[in-house]
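The next block holds one structure in the form of structure tokens; read it before the comments.
The values are calculated or read from the model by the stated rules, or taken from the named source; none is laboratory data. Given the structure is predicted, the values throughout are model-derived calculations rather than measurements. Ideal geometry is used to build each Cβ from the backbone, glycine not excepted, and the neighbour counts take in all protein chains shown. All accessible areas refer to the heavy atoms of the entire protein, side chains included, with ligands and DNA or RNA removed. Shrake-Rupley method; radii C 1.70, N 1.55, O 1.52, S 1.80 Å.
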Amino acid sequence: AVVITVYAFLYGKLYLSLSGVEAAIVKFARRKGDDPLKAAMASQALVQIGLLMTLPMIMEIGLERGFRTAVGDLIIMQLQLAPVFFTFSLGTKMHYFGRTLLHGGAKYRATGRGFVVRHEKFADNYRMYSRSHFVKGIELALLLISYMLYGSATPDTTAYALLSSSMWFLVCSWLFSPFLFNPSGFEWQKIYEDWEDWTKWISSRGGIGVPSTKSWESWWNEEQEHLQHTGMWGLIWEIVLDLRFFVYQYGIVYHLHVARGDKSIM
């Protein structure tokens with residue numbers, strides 16, 4: 001529900017800005033001197049700071065062990081980057097839960113019980129988190145950048161930062177968490193070895209019997225396999241959800257004035 005709310009909020013704000021409705025509302029509020037309306041248009045995301053969601057935990061620990069202990073535990077969790085980890089975990093649950101609702105095919109995902117302090121290759125992280133986190137993180141980042149360019153309710157940098165800081169945190173968590181928590185992730189020798197492994201994997205063609213760990217093409221076919229076994233409603237909803245990219249593209253082209261004044265969808 002949290003991630004769906006973020007998507008609905010960003011696409012709603014983007015459509016309002018691209019269609020000109022937001023600019024009209026802000027202009028009307030400015031002409032009428034309605035400061036509360038302008039503030040409401042630019043401050044919806046203040047409640048998304050995220051610290052509010054920790055209040056139940058603080059209250060529980062405070063009642064059981066004392067509020068000084070609760071505040072100390074909260075500070076330690078921040079230093080351990082617990083919000084980054086749990087935000088990334090939220091994306092994993094959202095992706096696979098949503099895919100199962102649309103297309104079925106629930107199955108056990110083995111996580112393994114190996115030694116935790118072990119460096120994972122870049123290709124392994126990409127295969128594991130590309131569709132569930134990286135693609136969605138880039139999409140949300142493009143939405144935030146587009147709203148920064150075309151939004152009317154955030155005329156200055158401060159207003160935009162207050163509006164989008166929590167969502168930028170979500171984007172950065174989805175894009176960089178696997179590398180941030182990866183042991184030796186910034187060691188030059190490991191980076192070079194990961195690059196060699198990545199180029200070998202991305203340039204290998206698939207085929208019968210070629211596993212996804214050896215070929216990008218086999219991995220891609222495996223990632224799209226659920227669409228071959230889904231029902232009619234699953235395909236319909238997949239198309240409906242993908243139409244959001246078309247509306248976004250139309251709005252951007254409309255504002256670039258490259259269609260010689262023609263405002264039709266065709």
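In table form, for the structure just shown:
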read-out: Members of the stretch 238-252 that are in contact (Cβ under 8 Å) with a residue 24 or more places away in the chain and either under 20 Å from the mean Cα position of the chain (by Cα) or not in a helix (DSSP H, G or I) (or both); value: Glu238, Arg244, Val247, Tyr248
read-out: Which numbered condition Gly12 misses (of (1) loosely packed, with under 14 Cβ neighbours inside 10 Å; (2) within 18 Å of Tyr160 (Cβ to Cβ); (3) modelled with pLDDT under 75); value: (3)
read-out: Residue match in the stretch 241-260 (condition: more than 24 Å from Tyr147 (Cα to Cα) and open to solvent by 60 Å² or more (accessible area, probe 1.4 Å)); value: no
read-out: Contacts under 8 angstrom Cβ, first residue in the stretch 10-35 being assigned by the TED database to the domain that holds Ile138 and assigned to a loop (DSSP other than H, G, I, E, B), partner modelled with pLDDT of 70 or more and surrounded by fewer than 16 Cβ atoms within 10 Å (Cβ to Cβ), 6 or more apart; value: Asp34/Phe28
read-out: Residues of the stretch 210-237 that turn out to be within 14 Å of Arg127 (Cβ to Cβ), assigned to a helix (DSSP H, G or I) and among the polar types (S, T, N, Q), as a count; value: 2
read-out: In the stretch 190-212, residue modelled with the lowest pLDDT [restricted to those that are β-branched (Val, Ile, Thr) and surrounded by 12 or more Cβ atoms within 10 Å (Cβ to Cβ)]; value: Val210
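A quick yes/no check of all residues on (1) over 25 Å from Gly91 (Cβ atoms); (2) of a type in the set (Phe, Trp, Tyr):
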| site | (1), (2) |
| --- | --- |
| Thr157 | yes, no |
| Tyr192 | yes, yes |
| Leu243 | no, no |
| Val253 | yes, no |
| Met266 | yes, no |
